[in-house]
């Protein structure tokens, strides 16, 4: 067999032998068989490590009861080269050996500019009093769905009298003493999703993640009054009880799509693309299609689950409109229909077209969005950052006067509550989080999801490994994360003198750019700090 | 309510602890012919061996009686029971009235009438006084050779204890092999080899026909096969038979032991019997019989005591079982472990060198007996299977493994015993 | 009384429960010393059973009617008055193995290093949370009032 040029370890394991008690917890817990015991069980020996297999997931480090382990990147150095970096060289070595596509997991890890980190928020000083979130109510509640152009009311005191319309009563308030209950809303409101906080769990399919991970997301969504997304894996029978907190996705493979599925959920989402791999479809290898997954996705056990790149019934914007309304018909117009697209060039007219096609929600997934498996080149190089896409779409929809017709949801690396606040200030109605949710459940971003050996029990179907994610713990951690972020959002809002998320939405004046050039500032629609 | 308990061993303790768990007001009297506070009879072999001192022989703390508000009357032998008058009479002329009576007089050692038996250096091995006398004898006179009559559990323990004192032992057993009711041929064989390897002379299929003395103490014995064995100390370790004379004279139904129902009641509703004196239900052989072991004694005492104060918990039945060690190797016999292959399904696994021996006896797919020699890890799992009559036909071979565990058992049963007490699986 | 509840669906077979039980019952209570210095090494009272992906940590089930207590010939096996736990008094145990012969879960072990005695879970001497429960990384053991 020829020499492998890609066989140098990516990580080096350092074991402090003064602290290692040879308890073998690391041996048992590593799904990649990195650690092993040199003696016979129960006898003398040492625990040794085979660095080449380590993926840097930190499972052993975290579980070691004496903190005897640490993991470092292999300090193997090439002659310094700003252009031909070590990782570039290793990619070529790998492809020279395998002749295949380089695969990876999670989101883009390249050093593109992170616009979140170049935007800062306002705070109230002197002119506008800040609000103390501990003492005053803060409204984070958000409604996602089409909002009407205007609201019409009927006054019970006179038939069909439109008391609040301009021209009546001089367009001013009702006469003193008028009973508020005498008014009723005559405008029909489209179905809305009611969120207690402007954060939802983004699409992660059962198949790419374990059932325990899905259970954790569903339970946490219910507990916090928000929603989680099924992704393109269909809905497991056990999770139907969380239907009122579920957004059911209809993706290009149409896995698991049947009338009960659609009607069980609170909203539907047509997935055109995702930020991690715009323009291409998905692939779940046959080995991962277990009995349970085959039943949920409605495909034969052991067969590859391939989602084609386009929906084969959507080849134009008119086809999209047709599907949107087909779904609305199938669910009797009781549920909002969302369309999820990847952030690409010309995202603004694309979004405009989607809104005009009848979508209630437009979800935009940026360049840094995560995935269970994608070709590395696509993940790192295709798509645009969500910050720029969001600003462009919000601006375009406002200019066209159709901003109210659909809610905007931003996705693609929302890493903290500050990112959430900035996203909303840029124009989002709510955000989707996925990587943050997985990290909350234990993910260490080793980017090896596609191997199916997730040591944290998240991106795997291996029964040895899925046990590691106890849904009681997973949902508790997710609830804690959302609770922590909502407290922080309230602090930041209070600091800005705002007590309702509505006042933050699209309010670009609360943002300033730092270290951005004029083109970027214009693209984001914000001013530079200092102005 | 007045409760009288005749006897001061495991059964009495079980009864007292059960009574006091539910009732603090009943007057409880314990009458024992021995002068000693409660001690552990099975530990006498450890005491004889010098492994423990007199203080550690105690079965419960010294304040047991005061703590449980029980009046002990020691060194007083009950001579008669009057069921009509609800009274017991003792040797010193006293009488004690009762509302409920528990007979736990235990067993009397079996001592066959051998020619020349009436001499010094000859002892039973049943009570503390016996062992004290043996120790006095060993300390007072040079004791190089001992003969133990009886190759069952009692005889084995006496032998093991004397060996640890550095005394050369000859074991004489009537049956063709030692431990013939507890173990099967292979098991007996392993134990015999261990003993002979340690210098014990094992004479099976044999008996002592005559005892010879010199200067008032035993000097040798003659065996049935004609041999004469030098002997400074002769110990009877044959076993016990129920000490049921009191019950018989009181007109209660007595078979070999006092016949009792599931609540340990005798033929008289106010009189109970439990422990080595009673003949209670054995769930392995599905009939009443006396199985003189400590766990039965305690549990039966608790059943009787509880029933006296209104807690009616029927005893599911006893399982014959015992454990013995020779040369550091443990052997256990549970249920009908030595049953023959003709009647039952027998599975076994044997490694002579370790030694490792497991023999399982099944009837209609259910475990009825087990023998273990060498590796006795987690043997209670077999006892649980026997008690609960679990169908193990699908996993019988897995039960023989040296890595026996709950995962070797049928799933439902495993989940039940691991998560029992109303916890949902 | 509070009992340890076993959740086999969450046990990951890491055996950290055994490690921490050992430390809790060591004389130093220090994990490094307990493993590297103390001789003979203390025995954990909890044992993990494993078969394929199925695993669980087993310790004494604290039976309401304990067979071990009735079989114990020395009185070493007793119910602790304060905690209600079944505890083996190691000073009085003579290593006759009767308890091992009757325990239906097989959760009592022989401790053959040093004086031969029976070794079993004592609910960590009435600690607020037993060491195995406190240190299970996946909450496969919980401590509940049953």
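The values are calculated or read from the model by the stated rules, or taken from the named source; none is laboratory data. Bear in mind the structure is a predicted one, so any value in this text is a computation, not a measurement. Glycine also receives a Cβ, built like all others from the backbone with ideal geometry; neighbour counts cover every protein chain displayed.
Each residue in region C:87-121 was checked for being over 15 Å from the mean Cα position of the chain (by Cα), at positive phi and facing chain B (nearest Cβ under 8 Å), and 1 of them qualify. Annotation note: Cβ proximity below 8 Å between a residue of region C:134-146 that is at the interface with chain A (Cβ under 10 Å from one of its Cβ atoms) and a residue that is in a strand (DSSP E or B) (sequence gap 6+ or interchain) occurs for C:136/C:57; C:140/C:6; C:140/C:56; C:140/C:57; C:142/C:4; C:142/C:5. Could you tell me whether residue A:100 is in a loop (DSSP other than H, G, I, E, B), within 29 Å of residue A:371 (Cβ to Cβ) and not assigned by TED's automatic domain parsing to the domain that holds residue A:466? When the stated conditions are applied, residue A:100 passes them. State whether the residues of region A:429-447 include one that is under 30 Å from residue A:53 (Cβ atoms), surrounded by fewer than 24 Cβ atoms within 10 Å (Cβ to Cβ) and without any contact (Cβ under 8 Å) to a residue 12 or more places away in the chain. Yes, some residue in region A:429-447 is under 30 Å from residue A:53 (Cβ atoms), surrounded by fewer than 24 Cβ atoms within 10 Å (Cβ to Cβ) and without any contact (Cβ under 8 Å) to a residue 12 or more places away in the chain.
When you check residue C:131 against the structure, is it touching a helix residue (DSSP H, G or I) at 6+ places or on another chain (Cβ under 6 Å), within 12 Å of another protein chain (Cβ to nearest Cβ) and more than 25 Å from residue B:399 (Cβ to Cβ), yes or no?
Details: touching a helix residue (DSSP H, G or I) at 6+ places or on another chain (Cβ under 6 Å): yes; within 12 Å of another protein chain (Cβ to nearest Cβ): yes; more than 25 Å from residue B:399 (Cβ to Cβ): yes.
In short, yes.
Give the residues of region C:71-85 that are in contact with a strand residue (DSSP E or B) (Cβ under 6 Å, 6 or more places away or on another chain) and at pLDDT 95 or above, sorted by residue number. If you could, list the steps in order and put the result at the bottom.
Filtering region C:71-85 for residues in contact with a strand residue (DSSP E or B) (Cβ under 6 Å, 6 or more places away or on another chain) gives C:76-77, C:79-80.
C:76, C:77 - these are the residues of region C:71-85 that are in contact with a strand residue (DSSP E or B) (Cβ under 6 Å, 6 or more places away or on another chain) and at pLDDT 95 or above.
Among the residues of region B:363-390, those identified as in contact with a helix residue (DSSP H, G or I) (Cβ under 9 Å, 6 or more places away or on another chain) and away from chain C (no Cβ under 14 Å) are B:366, B:368.
Considering only region C:73-86, state which residues are in contact with a helix residue (DSSP H, G or I) (Cβ under 9 Å, 6 or more places away or on another chain) and either surrounded by fewer than 20 Cβ atoms within 10 Å (Cβ to Cβ) or within 10 Å of chain B (Cβ to nearest Cβ) (or both).
Taking region C:73-86 as the starting set, the residues that turn out to be in contact with a helix residue (DSSP H, G or I) (Cβ under 9 Å, 6 or more places away or on another chain) are C:73-80, C:82-86.
Once the filter is applied, which keeps residues that are in contact with a helix residue (DSSP H, G or I) (Cβ under 9 Å, 6 or more places away or on another chain) and either surrounded by fewer than 20 Cβ atoms within 10 Å (Cβ to Cβ) or within 10 Å of chain B (Cβ to nearest Cβ) (or both), region C:73-86 yields C:73, C:74, C:75, C:76, C:78, C:79, C:80, C:82, C:83, C:84.
Can residue B:239 be described as crowded, with 24+ Cβ neighbours inside 10 Å and at positive phi? Against the criterion (crowded, with 24+ Cβ neighbours inside 10 Å and at positive phi), residue B:239 does not qualify.
Taking strands (runs of 3 or more DSSP E) that fall entirely within region B:1-99, which contain at least 1 residues that are within 14 Å of chain C (Cβ to nearest Cβ) and free of Cβ contacts under 8 Å to residues at least 12 places away in the same chain? Here the list is empty. Does region A:289-305 contain any residue that is surrounded by fewer than 23 Cβ atoms within 10 Å (Cβ to Cβ), assigned by TED's automatic domain parsing to the domain that holds residue A:520, farther than 17 Å from residue A:413 by Cβ and touching a strand residue (DSSP E or B) at 6+ places or on another chain (Cβ under 8 Å)? No, every residue in region A:289-305 fails to be surrounded by fewer than 23 Cβ atoms within 10 Å (Cβ to Cβ), assigned by TED's automatic domain parsing to the domain that holds residue A:520, farther than 17 Å from residue A:413 by Cβ and touching a strand residue (DSSP E or B) at 6+ places or on another chain (Cβ under 8 Å).
Within region B:200-253, considering only strands (runs of 3 or more DSSP E) that don't extend past its boundaries, which have at least 1 residues that are at pLDDT below 95, closer than 25 Å to residue B:41 by Cα and within 28 Å of the chain's Cα centre (by Cα)?
Details: elements: B:201-203, B:208-214, B:217-223, B:228-230, B:233-236, B:240-242.
Output list reads B:240-242.
Going through (1) at pLDDT 95 or above; (2) surrounded by 22 or more Cβ atoms within 10 Å (Cβ to Cβ) one by one, residue A:344 falls short only on (2).
Return the residue satisfying two criteria in turn: it lies in region C:12-32 and is touching a strand residue (DSSP E or B) at 6+ places or on another chain (Cβ under 7 Å) and at the interface with chain A (Cβ under 7 Å from one of its Cβ atoms), and of such residues it is nearest to residue C:52 (Cα to Cα).
Of all residues in region C:12-32, those touching a strand residue (DSSP E or B) at 6+ places or on another chain (Cβ under 7 Å) come to C:13, C:15, C:17-18.
Now narrow it down to the ones that are at the interface with chain A (Cβ under 7 Å from one of its Cβ atoms): C:13, C:15.
Details: C:13: 10, C:15: 15 Å.
Among them, the one singled out is C:13.
Does region C:49-64 contain at least one residue that is without any contact (Cβ under 8 Å) to a residue 40 or more places away in the chain, assigned to a strand (DSSP E or B), within 14 Å of chain B (Cβ to nearest Cβ) and closer than 14 Å to residue C:17 by Cβ? Yes - at least one qualifying residue is present in region C:49-64. Within region B:147-185, being surrounded by fewer than 24 Cβ atoms within 10 Å (Cβ to Cβ) and part of a strand (DSSP E or B) holds for B:168, B:170. Scanning region A:109-148 for residues that are in a loop (DSSP other than H, G, I, E, B) and under 21 Å from the mean Cα position of the chain (by Cα) gives A:109, A:110, A:111, A:112, A:113, A:114, A:140, A:141, A:145.
Yes/no matrix, rows are residues, columns are (1) assigned by TED's automatic domain parsing to the domain that holds residue B:147; (2) surrounded by 17 or more Cβ atoms within 10 Å (Cβ to Cβ); (3) touching a strand residue (DSSP E or B) at 6+ places or on another chain (Cβ under 6 Å):
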site	(1), (2), (3)
B:218	yes, yes, yes
B:224	yes, no, yes
B:232	yes, yes, yes
B:245	no, no, no
B:248	no, no, yes
B:282	no, yes, yes
B:286	no, no, no
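Within region A:486-510, restricting attention to residues that are under 14 Å from residue A:119 (Cα atoms) and more than 23 Å from the chain's Cα centre (by Cα), the residue that is surrounded by the fewest Cβ atoms within 10 Å (Cβ to Cβ) is A:509. Taken together, C:129, C:105 contain a single residue that is assigned to a loop (DSSP other than H, G, I, E, B), in contact with a strand residue (DSSP E or B) (Cβ under 9 Å, 6 or more places away or on another chain) and within 24 Å of residue B:408 (Cα to Cα), which is C:105.
Is it the case, given these coordinates, that residue C:44 is in a loop (DSSP other than H, G, I, E, B), at the interface with chain B (Cβ under 8 Å from one of its Cβ atoms) and without any contact (Cβ under 8 Å) to a residue 40 or more places away in the chain? No; evaluated as a whole, the condition is false for this residue.
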